[in-house]
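Engineer: Sharing a structure, written as structure tokens. Questions coming.
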Amino acid sequence: MLGINRTGYHFQSPTNWINDPNGPMYYNGIYHLFYQYNPNGADWGDIAWAHSVSKDMVNWYRVDIALHPTDPFDIKGCWSGSATILPGKGPVIFYTGGDTENRQVQNIAVPKDLSDPLLVEWKKLDQNPVISTPDGIHPERFRDPSTGWLCEDGYWRVLIGSEKSKRGMALLFKSKDFMTWTKSENTFHSVAFDTAVSRSKTETDTGMWECVDFFPVSLKGKKALDTSARGDGIKYVFKVIDQDTFSDFYTVGDYFVNKDECYKHDDTVGDPYSPVTALRLDYGKFYASKTFFDEAQNRRILWAWINEPDSPADAIARGWAGIQSIPRTLWLDKNGKQLLQWPIEELATLRTDEVGCNNEPLTTGRPLFEVQGITAAQADVEVTFRIPSLENAEILDPSWVDAKKLCGEKGATVNGVIGPFGLFTLASKDLEEYTAVFFRVFRAQDKYVVHMGSGGSRSSLRGEGLDKPSYGTFVDVDLIDGEISLRCLIDHSVVESFGAGGKACITTRTYPTLAVGNDAHLYAFNYGSQPVEIANLKAWTMKTPEMNLSDGINLVR
Ligand code: DQQ
């Protein structure tokens with residue numbers, strides 16, 4: 001049971017439970033990833049901070065657990081948090097502890113020995129907790145400190161997620177020395193009152209905001225910025241996870257330092273907290289994400305936890321649960337309104353057995369094209385589809401605003417005009433099973449609308465107890481040149497898809513039963529009445545990297 005459905009090149013632990021990525025950072029030539037970990041089992045509990053190190057974020061080595069829940073201020077668990085590198089002083093971990101009374105309090109830990117290249121041992125401060133639950137805040141809804149940023153007034157700031165009267169909120173704390181913290185009078189940001197009220201009508205609160213992230217992005221290209229960067233040509237991304245809808249939402253806007261509360265989102269993109277119109281980092285299974293600034297390569301890297309599609313009891317029987325996404329570089333689109341994401345370039349070091357094709361037609365007479373010559377269960381594929389004519393695109397019914405629902409209704413095999421076309425990943429030979437990743441083009445009043453979908457019930461023949469949702473989103477792309485690209489990272493039980501150069505990302509997790517190992521296939525398809533072409537396609541088998549099976553000391557020897 002242990003081996004089946006394990007991934008080949010995604011970050012995972014040999015055994016036991018893992019969830020949120022914590023405190024990712026680059027320090028002294030080494031990438032560090034901490035993560036929520038249960039040392040005692042494959043279900044959530046006894047939460048500690050496990051620690052792995054890497055030089056390329058592809059090959060990972062384990063070192064000792066960094067934080068165990070052993071003290072009164074974290075005895076109920078060392079929950080999520082972030083790392084901040086203090087200039088001249090080194091890294092500091094800020095994390096949430098569940099105290100003896102189950103109250104969520106914020107703690108700090110620092111490396112025991114800054115000269116240890118792997119920073120294996122961490123020391124919790126005697127002053128912990130450095131922030132206790134503030135008055136008026138529910139003691140079990142106050143967690144996940146963000147990376148700190150330093151402002152021109154000499155104060156560090158961090159955000160902590162919370163919730164009040166059914167409104168998710170981010171609270172701001174300030175400190176001169178990163179030790180003594182004062183809560184700002186103002187709420188840094190919170191769900192608009194009317195959003196909260198309209199959702200509470202359905203007896204559902206907005207959920208507390210977990211794992212808040214806040215960072216600057218440049219309006220002038222891909223180059224990333226340190227979390228404390230300030231100046232012209234900068235926008236700010238505010239990201240929360242909404243416990244209620246289990247997804248990571250973000251907005252792009254402005255930040256006015258002096259007012260503490262003034263993060264103004266771009267209101268041209270729809271209600272930023274509506275489950276239907278909000279921008280999401282990923283429209284599939286992608287949770288508790290966290291970014292960090294990688295000064296080595298001048299980029300911002302995004303990680304997230306991808307959970308299992310089956311039950312906790314299945315996980316216990318299997319002995320492990322949870323993987324991390326492939327780290328993604330993230331930057332602001334030139335329209336200034338949304339983020340773009342792309343797998344880190346180091347991932348290409350795993351590519352082997354390259355195959356490819358150009359100008360392959362996909363028509364009603366030949367709707368399928370098999371990509372052969374690679375291990376389709378563990379692969380990377382980049383394809384550009386060409387749409388020769390957009391003329392007869394189906395009309396988009398204005399009521400179809402919910403792209404996820406649309407994916408359920410007009411899935412990969414519901415014939416259309418321009419599409420559905422795309423890839424059948426993790427497919428069995430005769431397509432009893434497949435995880436489709438597809439596009440369908442509609443015509444709205446004055447523009448074409450591209451819908452991207454993935455997942456769904458065909459992804460596994462396994463029935464009861466396996467979650468197989470359909471995911472979908474609209475892709476903000478103009479089809480001027482009649483082309484749209486797709487990249488899929490396929491890894492046994494997970495498919496991370498990047499539509500239109502990373503404008504729309506969907507991660508699906510599934511456990512195929514037939515499309516396993518060498519019996520997994522990869523097809524391009526078109527079930528639209530109009531022809532589509534594979535303008536070009538390249539695919540690779542992905543080699544298996546070092547994945548937490550050996551000790552980190554190998555890195556520095
Ligand atoms: N997971 C952690 C919390 C966080 C949640 C606990 C998000 O700190 O809010 O394992 O998945």
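The values are calculated or read from the model by the stated rules, or taken from the named source; none is laboratory data. Worth saying up front: this structure is predicted, and the values here are computed from it rather than measured. Note: ideal-geometry Cβ built from the backbone for every residue, glycine included; neighbour counts use all protein chains shown.
Engineer: Identify all residues within the range 129-163 that are away from the ligand (no atom under 16 Å from the Cβ) and either under 27 Å from the mean Cα position of the chain (by Cα) or farther than 26 Å from residue 257 by Cβ (or both); write none if there are none.
Structural biologist: 148, 149, 150, 156, 157
Engineer: Within 16 Å of the ligand (Cβ to nearest atom), in a loop (DSSP other than H, G, I, E, B) and out of contact with any helix residue (DSSP H, G or I) (no Cβ under 7 Å at 6 or more places or on another chain), is that true of residue 19?
Structural biologist: Values: within 16 Å of the ligand (Cβ to nearest atom): yes; in a loop (DSSP other than H, G, I, E, B): no; out of contact with any helix residue (DSSP H, G or I) (no Cβ under 7 Å at 6 or more places or on another chain): yes.
When the stated conditions are applied, residue 19 does not pass them.
Engineer: Kindly provide the set of residues from the range 344-366 that are surrounded by fewer than 17 Cβ atoms within 10 Å (Cβ to Cβ) and part of a loop (DSSP other than H, G, I, E, B), ordered by number.
Structural biologist: Result: 363, 364, 365, 366.
Engineer: Name the single residue that is farthest from the ligand (Cβ to nearest atom) among those in the range 281-324 being assigned to a loop (DSSP other than H, G, I, E, B) and among the small types (Gly, Ala, Ser).
Structural biologist: Across the range 281-324, the extreme among qualifying residues is 296.
Engineer: Let me ask you something else. Restricting the search to the range 94-128, which residues are charged (D, E, K, R) and within 16 Å of the ligand (Cβ to nearest atom)?
Structural biologist: In the first step, residues of the range 94-128 are kept if they are charged (D, E, K, R); the result is 99, 101, 103, 112-113, 116, 121, 123-124, 126.
The answer is 99, 103.
Engineer: Going residue by residue through the range 492-507, is there one that turns out to be acidic (Asp, Glu), buried (at least 21 other Cβ atoms within 10 Å of the Cβ), in contact (Cβ under 8 Å) with a residue 12 or more places away in the chain and not in a loop (DSSP other than H, G, I, E, B)? Can you show your working first?
Structural biologist: Residues of the range 492-507 that are acidic (Asp, Glu), as a first pass: 496.
From what's left, buried (at least 21 other Cβ atoms within 10 Å of the Cβ): 496.
Adding the requirement that they be in contact (Cβ under 8 Å) with a residue 12 or more places away in the chain leaves 496.
Applying the additional criterion that residues be not in a loop (DSSP other than H, G, I, E, B) yields 496.
Yes, some residue in the range 492-507 is acidic (Asp, Glu), buried (at least 21 other Cβ atoms within 10 Å of the Cβ), in contact (Cβ under 8 Å) with a residue 12 or more places away in the chain and not in a loop (DSSP other than H, G, I, E, B).
Engineer: Okay, next question. Output the qualifying pairs, or none if there are none: Cβ atoms under 6 angstrom, residues six or more apart or on different chains, first residue in the range 229-248 and among the charged types (D, E, K, R), second residue surrounded by 24 or more Cβ atoms within 10 Å (Cβ to Cβ) and not in a strand (DSSP E or B).
Structural biologist: 244/206; 248/281
Results for (1) assigned to a helix (DSSP H, G or I); (2) free of Cβ contacts under 8 Å to residues at least 40 places away in the same chain; (3) surrounded by 17 or more Cβ atoms within 10 Å (Cβ to Cβ); (4) on the phi < 0 side of the Ramachandran plot, shown as yes or no for each residue.
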{"position": "518", "(1), (2), (3), (4)": "yes, no, no, yes"}
{"position": "525", "(1), (2), (3), (4)": "no, no, yes, yes"}
{"position": "534", "(1), (2), (3), (4)": "no, no, yes, yes"}
{"position": "537", "(1), (2), (3), (4)": "no, no, yes, yes"}
{"position": "540", "(1), (2), (3), (4)": "no, no, yes, yes"}
{"position": "550", "(1), (2), (3), (4)": "no, no, no, yes"}
{"position": "554", "(1), (2), (3), (4)": "yes, no, no, yes"}
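Engineer: A further question follows. Any residue in the range 455-466 that is closer than 17 Å to residue 506 by Cβ sitting within a Cβ distance under 6 Å of a residue that is assigned to a loop (DSSP other than H, G, I, E, B) and at pLDDT below 90? List the pairs, counting only those 6 or more apart or interchain.
Structural biologist: Correct list of pairs: 456/411.
Engineer: Out of the range 1-30, which residues are free of Cβ contacts under 8 Å to residues at least 40 places away in the same chain and touching a Ser or Thr at 6+ places or on another chain (Cβ under 7 Å)? Write out each step before concluding.
Structural biologist: Restricting attention to the range 1-30, the residues satisfying the condition of being free of Cβ contacts under 8 Å to residues at least 40 places away in the same chain are 3.
Hits for the range 1-30: nothing passes.
Engineer: May I pose another question? Would it be correct to say that residue 29 is at positive phi, in contact with a strand residue (DSSP E or B) (Cβ under 8 Å, 6 or more places away or on another chain) and of a type outside the set (S, T, N, Q)? Lay out the reasoning, then the answer.
Structural biologist: Working: at positive phi: yes; in contact with a strand residue (DSSP E or B) (Cβ under 8 Å, 6 or more places away or on another chain): no; of a type outside the set (S, T, N, Q): yes.
So residue 29 does not fit the description; no.
Engineer: Considering only residues that are in a strand (DSSP E or B) and touching an Asp or Glu at 6+ places or on another chain (Cβ under 9 Å), which ones fall in the range 381-405?
Structural biologist: 384, 385, 386
Engineer: Now a separate question. I'd like the residue in the range 217-249 that is within 17 Å of residue 279 (Cα to Cα) and away from the ligand (no atom under 16 Å from the Cβ) and, out of all such residues, is modelled with the highest pLDDT.
Structural biologist: 217
Engineer: Restricting to the range 452-470, and then to whatever is touching a Gly at 6+ places or on another chain (Cβ under 7 Å) and modelled with pLDDT under 95, can you tell me which residue is surrounded by the most Cβ atoms within 10 Å (Cβ to Cβ)?
Structural biologist: For the range 452-470, the residue satisfying everything is 455.
Engineer: For residue 8, which of the numbered conditions (1) away from the ligand (no atom under 16 Å from the Cβ); (2) among the small types (Gly, Ala, Ser); (3) over 27 Å from residue 543 (Cβ atoms) fails to hold?
Structural biologist: (3)
Engineer: Consider the range 69-98. How many of its residues are of a type in the set (Asp, Glu) and buried (at least 22 other Cβ atoms within 10 Å of the Cβ)?
Structural biologist: 1
Engineer: Would a scan of the range 54-64 turn up a residue that is in contact with a strand residue (DSSP E or B) (Cβ under 7 Å, 6 or more places away or on another chain), under 30 Å from residue 540 (Cβ atoms) and within 15 Å of the ligand (Cβ to nearest atom)?
Structural biologist: Scanning the range 54-64, I find no residue that is in contact with a strand residue (DSSP E or B) (Cβ under 7 Å, 6 or more places away or on another chain), under 30 Å from residue 540 (Cβ atoms) and within 15 Å of the ligand (Cβ to nearest atom), so the answer is no.
Engineer: With surrounded by fewer than 23 Cβ atoms within 10 Å (Cβ to Cβ) and touching a residue at least 24 places away in the same chain (Cβ under 8 Å) as the only criterion, which of 421, 369 stands out?
Structural biologist: 369
Engineer: A further question on this structure: Filter the range 396-452 for residues that are within 24 Å of residue 277 (Cα to Cα) and among the basic types (Lys, Arg) and give the result.
Structural biologist: 404, 405, 410, 440, 443, 447
Engineer: Return the pair list, or none, for Cβ contacts closer than 6 Å from residues in the range 53-77 that are touching a residue at least 40 places away in the same chain (Cβ under 8 Å) to residues that are in a loop (DSSP other than H, G, I, E, B) and within 15 Å of the ligand (Cβ to nearest atom), at least 6 apart or on different chains.
Structural biologist: 73/99; 73/129
Engineer: Another one. Do we have any residue at all in the range 298-320 that's at pLDDT 95 or above, surrounded by fewer than 17 Cβ atoms within 10 Å (Cβ to Cβ) and under 21 Å from the mean Cα position of the chain (by Cα)?
Structural biologist: yes
Engineer: Look at residue 439 and say whether it is under 25 Å from residue 529 (Cβ atoms), crowded, with 17+ Cβ neighbours inside 10 Å and at pLDDT 95 or above.
Structural biologist: Judged against the criteria, residue 439 is a match.
Engineer: Something else: Which is within 14 Å of the ligand (Cβ to nearest atom), among the aromatic types (Phe, Trp, Tyr), modelled with pLDDT of 95 or more and outside any strand (DSSP E or B), of 44, 49, 79? Walk me through how you get there before you give the answer.
Structural biologist: Values: 49 fails: outside any strand (DSSP E or B); 79 fails: outside any strand (DSSP E or B).
Within the list 44, 49, 79, the selection yields 44.
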